[in-house]
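Engineer: Got a structure for you, questions after.
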Amino acid sequence: MSNKEFFINRYAQLGWEFEAVESRKAIRKNIMNIKGKNLEQRFNSMGFHLQRIPFLETGYWIEKSKISIGATTEYLLGFYSIQEAAAQIPATLFTELKGKTILDACAAPGGKTVQLADLMNNTGTVIALDVRRQRLFALSNHLERCRVANTVVYNLDARCISKLGIQFDKILLDVPCSGNFVTDQKWFEKRTLQDIQRNAKLQREILSEATKCVSIDGELVYSTCSLEPEENEINMDWATKNLNLEIEEIECPGQRGLSSVFGIKLDNSLERSRRLWPSETQGFFVCKLRKRAGGH
């Protein structure tokens, strides 16, 4: 059995029949920077055709463009960010963000960091971390281009969050993951089950550390662009059993998370999470957790 056949067979066991999908280009308006400006009208005048993404308030698919979407004056002025549609979902799942202290634990290249700042209207504080120093340049440039004023950037491994000595109201965990075939043409050739298990372990380590640093009753949003249950539902099941976290119901596209994986029964609360199989978006998983009293 080839590597591709192995993974396709896994997806069939999880209830999804494989189909080739092409990623659609998408953007997100930065509301804090475009007040009084009609971005849609500007796009039309440049020959761009936009389609509103129905499940996002500020997201658009790029249906047609005469020039590169990253080569416009509007882009350089921070009027919008280039951000895949599914990747725009996690930051929208928090309750009130304005004035809060937020952690973006695996932040580079910064799309979700800018989105958090936009949702906060540049109030409160965002702490943005990334373990790789060279990735911080892209993150800092993104923040500067979009005129983000409430964010502090640290070169820090997300497994060391407690070194900051800060308790956060909300934590975004868009954790390192195995990715999926939609955004990587060679994914099936290079990915192994050992990779997935190694990534799942890293994700649990980040989850465990983040739980120590979120306030009681604080919210964590966990997301990956992986389709593999070891990195998604199985990790969330582990979190509810070991970290005193509970899964919250969310409103967003996708199928309900799996409560049974390869014959293993998981907690029924996993159905409150969402699994987006590749279709109009790349593959994605998202789950919102709340820290119960008495947690770490």
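The values are calculated or read from the model by the stated rules, or taken from the named source; none is laboratory data. Since this is a predicted model, take the numbers as computed values, not measurements. Cβ placement follows ideal geometry from the backbone for every residue including glycine, while neighbour counts extend to all protein chains displayed.
Engineer: Hey, does region 30-37 have a residue that's touching an Asp or Glu at 6+ places or on another chain (Cβ under 7 Å), among the hydrophobic types (A, V, I, L, M, F, W, C) and either under 23 Å from residue 227 (Cα atoms) or not in a helix (DSSP H, G or I) (or both)? Walk me through it before giving the result.
Structural biologist: The initial filter retains those residues of region 30-37 that are touching an Asp or Glu at 6+ places or on another chain (Cβ under 7 Å), namely 30-32.
Cutting the leftovers down to among the hydrophobic types (A, V, I, L, M, F, W, C) gives us 31-32.
Imposing the further condition that a residue be either under 23 Å from residue 227 (Cα atoms) or not in a helix (DSSP H, G or I) (or both) reduces the set to none.
No, that holds for no residue.
Engineer: Give me the strands (runs of 3 or more DSSP E) completely within region 93-165, filtered to those with at least 1 residues that are small (Gly, Ala, Ser) and either on the phi > 0 side of the Ramachandran plot or modelled with pLDDT of 95 or more (or both), ordered by residue number. Step through it out loud before you land on a result.
Structural biologist: Working: elements: 101-104, 125-130, 151-155.
In region 93-165, 125-130 are the strands (runs of 3 or more DSSP E) which contain 1 or more residues that are small (Gly, Ala, Ser) and either on the phi > 0 side of the Ramachandran plot or modelled with pLDDT of 95 or more (or both).
Engineer: Name every residue in region 136-151 that is surrounded by fewer than 16 Cβ atoms within 10 Å (Cβ to Cβ) and under 19 Å from the mean Cα position of the chain (by Cα), in order of residue number.
Structural biologist: The answer is 138, and nothing else.
Engineer: All but one of (1) surrounded by fewer than 16 Cβ atoms within 10 Å (Cβ to Cβ); (2) closer than 27 Å to residue 273 by Cα hold for residue 73; state the number of the condition that does not hold.
Structural biologist: Status for residue 73: all satisfied but (2).
Engineer: Moving on. Among 220, 207, which is the only one that is aliphatic (A, V, I, L, M), outside any helix (DSSP H, G or I), in the same structural domain as residue 106 (by TED's automatic domain parsing) and within 19 Å of the chain's Cα centre (by Cα)?
Structural biologist: Values: 207 fails: outside any helix (DSSP H, G or I).
Just one listed residue meets the conditions, 220.
Engineer: Further question: Can you pull out the residues in region 57-68 that are at pLDDT 90 or above, under 26 Å from residue 140 (Cβ atoms) and not in a strand (DSSP E or B)?
Structural biologist: 58
Engineer: Could you check region 167-181 and list, in sequence order, the residues that are in contact with a Ser or Thr (Cβ under 9 Å, 6 or more places away or on another chain) and in a loop (DSSP other than H, G, I, E, B)?
Structural biologist: As a first pass, look at region 167-181 and keep what is in contact with a Ser or Thr (Cβ under 9 Å, 6 or more places away or on another chain): 167-180.
Of everything in region 167-181, those that are in contact with a Ser or Thr (Cβ under 9 Å, 6 or more places away or on another chain) and in a loop (DSSP other than H, G, I, E, B) turn out to be 167, 175, 176, 177, 178, 179, 180.
Engineer: Are any of the residues in region 168-185 more than 26 Å from residue 22 (Cα to Cα), at pLDDT below 95 and surrounded by fewer than 17 Cβ atoms within 10 Å (Cβ to Cβ)?
Structural biologist: Within region 168-185 (the criterion being more than 26 Å from residue 22 (Cα to Cα), at pLDDT below 95 and surrounded by fewer than 17 Cβ atoms within 10 Å (Cβ to Cβ)), the answer is no, since none of the residues qualifies.
Engineer: Working only within region 34-54, note down all residues that are within 25 Å of the chain's Cα centre (by Cα) and crowded, with 17+ Cβ neighbours inside 10 Å.
Structural biologist: Of all residues in region 34-54, those within 25 Å of the chain's Cα centre (by Cα) come to 34, 39, 50-54.
Within region 34-54, 34, 39, 50, 53 qualify.
Engineer: On to the next question. Do we find a residue being more than 19 Å from residue 288 (Cα to Cα), without any contact (Cβ under 8 Å) to a residue 40 or more places away in the chain and of a type in the set (Asp, Glu) anywhere in region 64-80?
Structural biologist: yes
Engineer: Condition first: in contact (Cβ under 8 Å) with a residue 12 or more places away in the chain and among the acidic types (Asp, Glu). Now tell me which residues in region 136-166 satisfy that.
Structural biologist: Across region 136-166, the qualifying residue is only 157.
Engineer: Also, I was wondering about something else. For the structure I just gave you, tell me whether residue 169 is touching a Pro at 6+ places or on another chain (Cβ under 9 Å), in the same structural domain as residue 114 (by TED's automatic domain parsing) and either in contact (Cβ under 8 Å) with a residue 40 or more places away in the chain or of a type in the set (Lys, Arg) (or both). Even if it seems obvious, please write down each step before you answer.
Structural biologist: Numbers: touching a Pro at 6+ places or on another chain (Cβ under 9 Å): no; in the same structural domain as residue 114 (by TED's automatic domain parsing): yes; either in contact (Cβ under 8 Å) with a residue 40 or more places away in the chain or of a type in the set (Lys, Arg) (or both): yes.
No.
Engineer: What are the residues in region 275-296 that are surrounded by 17 or more Cβ atoms within 10 Å (Cβ to Cβ) and over 20 Å from residue 218 (Cα atoms), if any?
Structural biologist: 275, 276, 277, 278, 281, 282, 283, 284, 285
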